[in-house]
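Novice: Structure incoming, see below.
The values are calculated or read from the model by the stated rules, or taken from the named source; none is laboratory data. These numbers come from a predicted model, not from an experiment. Positions of Cβ are backbone-derived with ideal geometry, glycine not excepted, and every protein chain shown enters the neighbour counts.
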Amino acid sequence: MSGTLCIDGIAVPFSDGQTIIEAARSAGVYIPYLCHRPGYAPYGSCKLCTVKVNGRTNTACTLPAADGQTVISNSPDLQHDRQRITQMLFVEGNHFCPSCEKSGNCQLQAVAYHQNMLDNHYPHFYAQRELDASHPDILIDHDRCIFCNLCVRASKEKDGKEVFGIAGRGIHKRLIVNSPSGKLKDSDISVDDEAAHVCPTGAILVKRSAYLAPIGERIYDHHPISEVACEKAVLDTQAAKGHASCDQAQLAGQVPQNSGSDSHYAASMPPAPDIKHGR
Amino acid sequence: MLRAVQAQYLHIPQAAIEQLAAALHIPRTQIIAVAEFYSFLHLTPQGRYDIHISDSITDRMLGKEKLLNYLSEKLNVKVGQVRADGLVSLNNTSCTGMCDQGPAGLVNGYALTHLDYARIDVIAKLIEQQAPLTDWPAEFFAVDEPIRKPGLLLNQPFNNGAAIAATFARGLAETLAEVDCSNLRGRGGAGFKTALKWRTCSVQAATPHYVICNADEGEPGTFKDRMLLDLYADQVFEGMTLCAAIIGSDQGLLYLRAEYLFLYEQLQRVLQRRRDSGLLGRNIHGRPGFDFDIEIRMGAGAYICGEASAQIESLEGKPGIPRVKPPNSVICGYQRKPTVVDNVETFFAATHIAIQGGQWFAEVGTAQSTGSKLLSISGDCARPGIYEYPFGTPIEDILRDCGADDVMGVQVGGPSGTFISNRELQRRVAFEDLSTAGSFMVFNSSRNIFDIVQNFTDFFAHESCGFCTPCRVGTTLLKNQLRKIVEGNGAAVDLEELSELCLIVKNNSHCGLGDSAANPILSTLASHPELYLNQLKQSSFTPGFDLDATLAVARRMAERDDDAAHLSQVEN
């Protein structure tokens, strides 16, 4: 089955088996996500890609695209909640962007910029989490883990191993390693594994690679994540630059739409503090 | 399997994890994940007497906090710890389903009721003597089933096999039509139409089909399923059996919450008796080819496993994390096969509908909520226990029956339900008004509403499975933010923040737990906003001089006295 769905007033074609987020990405329409990754089984835990589909809330990364769906993604309400959810991830762990090796290549940081996140908003949890530097080539900094499950899926589905798992309940969730000691050095992970490279934050890092690309020349230094995430998909599908808009009749009665840029949301946010002239 | 290991070794030892992982060909991470997920599984050794005290609000109202401290002193063990000699460990736990006979607890999984100082003295002595539980006084473990007001279903006479006989005599499709006509809706809280669920399952091509009875009665304040399984187990199993006939299933599972371990043996005996009398097993009721049996599986302490898809995950030996929907479990459930998951009371009702017909049931209640509802009433009332009412009964009638006066408010449907104040007592129990899975907690005017709300909010933070961000982080933020305000450290902006946070958790969470985790705050904010406002920190400084008075000269000179010519130092 294939057809067309409507995201924020843009007609988005989809092919059989695509989820809403994948159909959107292929068409160059960005819906923020962290626990999703193209080519991976849907998971649906971070909730950043929460959208309204025909009036009902769902996650775009898990819901199969279907003909006639009217999807709202870029409404002020949803954008506001996305910003808050991103802030929750920041206060739950310990994220020190200025001193983090992943800065500039980090999806969490890039999503936060995209969401116009200017502070953490919530009180920090100051979680006590350990570092696992036992492996000669790979490092786990648990401070930065957001429980997206990508390393778990990568190891199982892509590498044919089961190096990672997520244990604990509620706020006590933690990433664990499948080895007798629980340390990464005793697991069968290898630096060539996809699991060693899949982390959207700086929680799992390949040692001695942190500054191969200098600050200023990193993935998100010159292009926002909304462009980076869609770029490859758009090239793949040869999608046209201009977006066809949906049938206006379908949009009648919906919340005001915007063109898909960040402008709508930015207008509703307080201006950034002027650091130079601030007191 | 892990429960058995735990029972023998008082925890899941590292060596057992290694052995199980090798024998079952699963990663150790999966075993650790399960052990850490469930409250009653541990990776470190617990005491030989492992005591859990129920921390439900109703237990607290009966003096649980003081009793717990007394027990802690008496046994010389801190709450949350194991005594150095390994003899005893003491912990809090979520509601154990004994709110009508609290304060309650568990020792090595078995329910203790009616705890008081005298009993605690005896218990402490028995533990120090290392007396086996079988030597403890039987009355410590006695669970009463106070049925105060039987109604439509509880009053119905019943002979074993009658519902199965009626189903076969009428025909399977015809019986499903009767269930449809009865308009029976799920009694677990969600209120999904039972006949629709059964019909959807029956037409699924994938086989086999499964019947699961959800007896993970975890909503604080609910204990009506405990009573049904204790006294009416045959009628529940019969409901499962006729469901199996209708949807074409040969395997049923009863997911029994860990706290109801005391029911396990007697339920096994009921199942065996039914097998012996041809009501379970092969060719049931002499009908060739109709094979069906029921297996009991124990939970391990996780409220979230009351959610159908989380329960299925749990039955498959995994942490109880609700699945992504669609697909619904009726299409892709246990072992990824079509599965009907229904509440204990739903099967119980179905049994009587199969005998009496749908019309009989539909005549009671309201148009949208037919039949009767079992309520578990606890808290500040003279006669706590089980009551059965037709749907549509006003709260004030129920309060009169259970002997509640001086009512400040009622929590209908447990923490995930609604708090109503004494100004709303004419509201009714019904899916279209106050929906409830059976919990009904009464609070009199001596109670502090914040104690209640904090207890419930802490409960959700404790029970969140942690899968999705808004619930994992949000429930803890809610707990902290509420405490800030209750302790008098909140400003007006903190109250706004609290309301916003409620909506973020409610609107973005993965499942019903997150969806309802903010309900205690939201419903009391709506019913008692003044209480929250009074709790806010007042402006702490006193102006050293009167700014507005100082401007009087300027005003006179400018010949102005409009609003803009006045300044206030303190925002009103």
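Novice: Check whether at least one residue in the stretch A:178-193 is of a type in the set (A, V, I, L, M), outside any helix (DSSP H, G or I), within 25 Å of the chain's Cα centre (by Cα) and at pLDDT 95 or above, and report yes or no. Show your work before the answer.
Specialist: To start, the set of residues in the stretch A:178-193 that are of a type in the set (A, V, I, L, M) comprises A:184, A:189, A:191.
Still in the list and also outside any helix (DSSP H, G or I): A:189, A:191.
The next check asks that each one be within 25 Å of the chain's Cα centre (by Cα); those that pass are A:189, A:191.
Of the ones still in play, those that are also at pLDDT 95 or above are A:189, A:191.
Yes, there is a match, as at least one residue in the stretch A:178-193 is of a type in the set (A, V, I, L, M), outside any helix (DSSP H, G or I), within 25 Å of the chain's Cα centre (by Cα) and at pLDDT 95 or above.
Novice: Tell me which residues, restricted to the stretch B:295-318, are of a type in the set (A, V, I, L, M, F, W, C), assigned to a helix (DSSP H, G or I) and surrounded by 24 or more Cβ atoms within 10 Å (Cβ to Cβ).
Specialist: Quick first cut of the stretch B:295-318, residues of a type in the set (A, V, I, L, M, F, W, C) only: B:296, B:298, B:300, B:302, B:304-305, B:308, B:310, B:312, B:315.
With assigned to a helix (DSSP H, G or I) added as a condition, the list becomes B:304-305, B:308, B:310, B:312, B:315.
Scanning the stretch B:295-318 gives B:Ile304, B:Cys305, B:Ala308, B:Ala310, B:Ile312.
Novice: If A:Ile215 satisfies all but one of (1) under 27 Å from B:Lys318 (Cβ atoms); (2) of a type in the set (A, V, I, L, M); (3) not assigned by the TED database to the domain that holds A:Val111, what's the number of the condition it fails?
Specialist: Of the numbered conditions (1) under 27 Å from B:Lys318 (Cβ atoms); (2) of a type in the set (A, V, I, L, M); (3) not assigned by the TED database to the domain that holds A:Val111, the odd one out for A:Ile215 is (1).
Novice: Next question, about the same structure. How about the stretch A:38-69: which of its residues are more than 20 Å from B:Ser509 (Cα to Cα) and among the hydroxyl-bearing types (Ser, Thr, Tyr)?
Specialist: Within the stretch A:38-69, A:Tyr40 is the sole residue that qualifies.
Novice: Further question: Of the residues B:Gly514, B:Gly544, B:Gly490, B:Gly466, which single one is surrounded by fewer than 24 Cβ atoms within 10 Å (Cβ to Cβ) and within 13 Å of chain A (Cβ to nearest Cβ)? Talk me through it step by step, then tell me what you get.
Specialist: Numbers: B:Gly514 fails: surrounded by fewer than 24 Cβ atoms within 10 Å (Cβ to Cβ); B:Gly544 fails: within 13 Å of chain A (Cβ to nearest Cβ); B:Gly466 fails: surrounded by fewer than 24 Cβ atoms within 10 Å (Cβ to Cβ).
The conditions single out B:Gly490.
Novice: Of the residues A:Ala11, A:Ala60, A:Ala66, A:Ala41, only one is of a type in the set (A, V, I, L, M) and buried (at least 24 other Cβ atoms within 10 Å of the Cβ); which? Steps first, please.
Specialist: Values: A:Ala11 fails: buried (at least 24 other Cβ atoms within 10 Å of the Cβ); A:Ala66 fails: buried (at least 24 other Cβ atoms within 10 Å of the Cβ); A:Ala41 fails: buried (at least 24 other Cβ atoms within 10 Å of the Cβ).
Sole residue among the options that is of a type in the set (A, V, I, L, M) and buried (at least 24 other Cβ atoms within 10 Å of the Cβ): A:Ala60.
Novice: Is there any pair with a first residue in the stretch A:162-185 that is more than 8 Å from chain B (Cβ to nearest Cβ) and a second that is of a type in the set (Ser, Thr, Tyr) and surrounded by fewer than 21 Cβ atoms within 10 Å (Cβ to Cβ) whose Cβ atoms are under 7 Å apart and which are 6 or more apart or on different chains, and what are they?
Specialist: Correct list of pairs: A:Lys183/A:Ser134; A:Leu184/A:Ser134; A:Lys185/A:Ser134.
Novice: Among the residues of the stretch B:365-383, is there at least one that is surrounded by 24 or more Cβ atoms within 10 Å (Cβ to Cβ), touching an Asp or Glu at 6+ places or on another chain (Cβ under 6 Å) and not small (Gly, Ala, Ser)?
Specialist: yes
Novice: Looking at this structure, is B:Ser439 among the small types (Gly, Ala, Ser) and either within 14 Å of chain A (Cβ to nearest Cβ) or in contact with a Phe, Trp or Tyr (Cβ under 9 Å, 6 or more places away or on another chain) (or both)?
Specialist: Here the answer is yes, as B:Ser439 does meet what is asked.
Novice: Okay, next question. Mind counting the residues in the stretch B:10-37 that are under 20 Å from B:Glu463 (Cα atoms) and either more than 8 Å from every other protein chain (Cβ to nearest Cβ) or of a type in the set (A, V, I, L, M, F, W, C) (or both)? Before you say what the answer is, go through the steps one by one.
Specialist: Here is the first cut: in the stretch B:10-37, the ones under 20 Å from B:Glu463 (Cα atoms) are B:30-37.
Next, only the ones that are either more than 8 Å from every other protein chain (Cβ to nearest Cβ) or of a type in the set (A, V, I, L, M, F, W, C) (or both) stay: B:31-35, B:37.
Looking only at that region, the number is 6.
Every residue, every condition in (1) under 20 Å from B:Tyr264 (Cβ atoms); (2) touching a residue at least 60 places away in the same chain (Cβ under 8 Å); (3) buried (at least 16 other Cβ atoms within 10 Å of the Cβ), yes or no:
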position: B:Gly63; (1), (2), (3): no, no, no
position: B:Leu75; (1), (2), (3): no, no, yes
position: B:Gln81; (1), (2), (3): no, no, no
position: B:Thr93; (1), (2), (3): yes, yes, yes
position: B:Thr96; (1), (2), (3): yes, yes, yes
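Novice: Across the stretch B:205-226, which residue is nearest to B:Ile57 (Cα to Cα) among those that are of a type in the set (A, V, I, L, M, F, W, C) and buried (at least 24 other Cβ atoms within 10 Å of the Cβ)? Break it down stepwise before answering.
Specialist: Filtering the stretch B:205-226 down to residues of a type in the set (A, V, I, L, M, F, W, C) leaves B:205-206, B:211-213, B:215, B:223.
Next, from what is left, pick out any that are buried (at least 24 other Cβ atoms within 10 Å of the Cβ): B:211-213, B:215, B:223.
Details: B:Val211: 34, B:Ile212: 30, B:Cys213: 27, B:Ala215: 22, B:Phe223: 14 Å.
Among those residues, the one meeting the criterion is B:Phe223.
Novice: Give, as residue ranges, the helices (runs of 4 or more DSSP H) completely inside the stretch B:442-533 that count at least 3 residues that are more than 23 Å from the chain's Cα centre (by Cα). Break it down into steps so the answer makes sense when it comes.
Specialist: Details: elements: B:449-463, B:469-486, B:492-508, B:512-517, B:519-527.
Of the helices (runs of 4 or more DSSP H) lying wholly inside the stretch B:442-533, those with at least 3 residues that are more than 23 Å from the chain's Cα centre (by Cα) span B:469-486, B:492-508.
Novice: Based on this model, can you work out whether A:Ala196 counts as at pLDDT 70 or above and more than 18 Å from A:Cys151 (Cβ to Cβ)? Steps first, answer last, please.
Specialist: Details: at pLDDT 70 or above: yes; more than 18 Å from A:Cys151 (Cβ to Cβ): no.
The answer is no for A:Ala196.
Novice: For the stretch A:69-93, enumerate the residues that are surrounded by fewer than 17 Cβ atoms within 10 Å (Cβ to Cβ) and either among the aliphatic types (A, V, I, L, M) or more than 10 Å from chain B (Cβ to nearest Cβ) (or both).
Specialist: Hit for the stretch A:69-93 is A:Pro76, nothing else.
Novice: Right, something else. Can you go through B:Gly474, B:Gly385, B:Gly490, B:Gly414 and tell me which one is closer than 24 Å to B:Leu533 by Cβ and either touching a Pro at 6+ places or on another chain (Cβ under 6 Å) or modelled with pLDDT under 95 (or both)? Reasoning before the result, please.
Specialist: Working: B:Gly474 fails: either touching a Pro at 6+ places or on another chain (Cβ under 6 Å) or modelled with pLDDT under 95 (or both); B:Gly385 fails: closer than 24 Å to B:Leu533 by Cβ; B:Gly414 fails: closer than 24 Å to B:Leu533 by Cβ.
Matching residue, one of B:Gly474, B:Gly385, B:Gly490, B:Gly414: B:Gly490.
Novice: Name the pairs: first residue in the stretch A:36-56 and within 11 Å of chain B (Cβ to nearest Cβ), second residue acidic (Asp, Glu), Cβ to Cβ under 8 Å, at least 6 apart or on different chains?
Specialist: A:Ala41/A:Glu157; A:Thr50/A:Asp81
Novice: Let me ask something else. What pairs come up if the first residue lies in the stretch B:430-448 and is more than 13 Å from B:Asp380 (Cβ to Cβ), the second is of a type in the set (Phe, Trp, Tyr) and crowded, with 24+ Cβ neighbours inside 10 Å, and their beta carbons are under 7 Å apart, counting only those six or more places apart or on different chains?
Specialist: Matching pairs, first to second residue: none at all.
Novice: I would also like to ask the following. So for the stretch A:136-157 (the condition being on the phi > 0 side of the Ramachandran plot, within 14 Å of another protein chain (Cβ to nearest Cβ) and at pLDDT 95 or above), does at least one residue qualify?
Specialist: Our first condition is that a residue be on the phi > 0 side of the Ramachandran plot; within the stretch A:136-157, this holds for A:147, A:149.
Adding the requirement that they be within 14 Å of another protein chain (Cβ to nearest Cβ) leaves A:147, A:149.
Remaining after also requiring at pLDDT 95 or above: A:147, A:149.
Yes, there is a match, as at least one residue in the stretch A:136-157 is on the phi > 0 side of the Ramachandran plot, within 14 Å of another protein chain (Cβ to nearest Cβ) and at pLDDT 95 or above.
Novice: Quick one: count up the residues across the stretch B:1-17 that are in contact with a strand residue (DSSP E or B) (Cβ under 8 Å, 6 or more places away or on another chain) and assigned to a helix (DSSP H, G or I). Before the answer, list the steps.
Specialist: Applying the first criterion (in contact with a strand residue (DSSP E or B) (Cβ under 8 Å, 6 or more places away or on another chain)) to the stretch B:1-17 yields B:3, B:10.
Right, trim to assigned to a helix (DSSP H, G or I) and you get B:3.
Of the residues in the stretch B:1-17, 1 are in contact with a strand residue (DSSP E or B) (Cβ under 8 Å, 6 or more places away or on another chain) and assigned to a helix (DSSP H, G or I).
Novice: Of the numbered conditions (1) part of a helix (DSSP H, G or I); (2) within 13 Å of another protein chain (Cβ to nearest Cβ); (3) not polar (S, T, N, Q), A:Ala127 fails exactly one; give the number of that condition.
Specialist: (1)
Novice: Regarding A:Leu34, is this residue out of contact with any Cys (no Cβ under 7 Å at 6 or more places or on another chain), under 30 Å from A:Lys207 (Cβ atoms) and crowded, with 19+ Cβ neighbours inside 10 Å?
Specialist: Details: out of contact with any Cys (no Cβ under 7 Å at 6 or more places or on another chain): no; under 30 Å from A:Lys207 (Cβ atoms): yes; crowded, with 19+ Cβ neighbours inside 10 Å: yes.
Against the criterion (out of contact with any Cys (no Cβ under 7 Å at 6 or more places or on another chain), under 30 Å from A:Lys207 (Cβ atoms) and crowded, with 19+ Cβ neighbours inside 10 Å), A:Leu34 does not qualify.
Novice: Across the stretch B:277-304, what is the total count of residues that are touching a strand residue (DSSP E or B) at 6+ places or on another chain (Cβ under 7 Å) and among the hydrophobic types (A, V, I, L, M, F, W, C)?
Specialist: 6
Novice: Let me ask something else about it. For the stretch B:24-33, indicate whether the set of residues that are over 29 Å from B:Leu115 (Cα atoms), touching a helix residue (DSSP H, G or I) at 6+ places or on another chain (Cβ under 6 Å) and surrounded by fewer than 21 Cβ atoms within 10 Å (Cβ to Cβ) is non-empty.
Specialist: From the stretch B:24-33, those over 29 Å from B:Leu115 (Cα atoms) are B:24-33; that's our starting set.
If we keep only those that are touching a helix residue (DSSP H, G or I) at 6+ places or on another chain (Cβ under 6 Å) as well, we get B:28, B:31.
Retained after the next criterion (residues that are surrounded by fewer than 21 Cβ atoms within 10 Å (Cβ to Cβ)): none.
No; the residues of the stretch B:24-33 include none that is over 29 Å from B:Leu115 (Cα atoms), touching a helix residue (DSSP H, G or I) at 6+ places or on another chain (Cβ under 6 Å) and surrounded by fewer than 21 Cβ atoms within 10 Å (Cβ to Cβ).
Novice: Condition (residue is outside any strand (DSSP E or B), closer than 28 Å to B:Ala362 by Cα and either free of Cβ contacts under 8 Å to residues at least 12 places away in the same chain or hydroxyl-bearing (Ser, Thr, Tyr) (or both)) applied to the stretch B:401-415: is it met by at least one residue?
Specialist: The initial filter retains those residues of the stretch B:401-415 that are outside any strand (DSSP E or B), namely B:401-406, B:413-415.
Narrowing further to those that are closer than 28 Å to B:Ala362 by Cα: B:401-402, B:413-414.
From what is left, the residues that are either free of Cβ contacts under 8 Å to residues at least 12 places away in the same chain or hydroxyl-bearing (Ser, Thr, Tyr) (or both) are none.
No, because not a single residue in the stretch B:401-415 is outside any strand (DSSP E or B), closer than 28 Å to B:Ala362 by Cα and either free of Cβ contacts under 8 Å to residues at least 12 places away in the same chain or hydroxyl-bearing (Ser, Thr, Tyr) (or both).
Novice: Just to be sure, is B:Leu172 in contact (Cβ under 8 Å) with a residue 24 or more places away in the chain, more than 30 Å from B:Leu62 (Cα to Cα), surrounded by fewer than 17 Cβ atoms within 10 Å (Cβ to Cβ) and not charged (D, E, K, R)? Steps first, answer last, please.
Specialist: Numbers: in contact (Cβ under 8 Å) with a residue 24 or more places away in the chain: yes; more than 30 Å from B:Leu62 (Cα to Cα): yes; surrounded by fewer than 17 Cβ atoms within 10 Å (Cβ to Cβ): yes; not charged (D, E, K, R): yes.
It is true that B:Leu172 is in contact (Cβ under 8 Å) with a residue 24 or more places away in the chain, more than 30 Å from B:Leu62 (Cα to Cα), surrounded by fewer than 17 Cβ atoms within 10 Å (Cβ to Cβ) and not charged (D, E, K, R).
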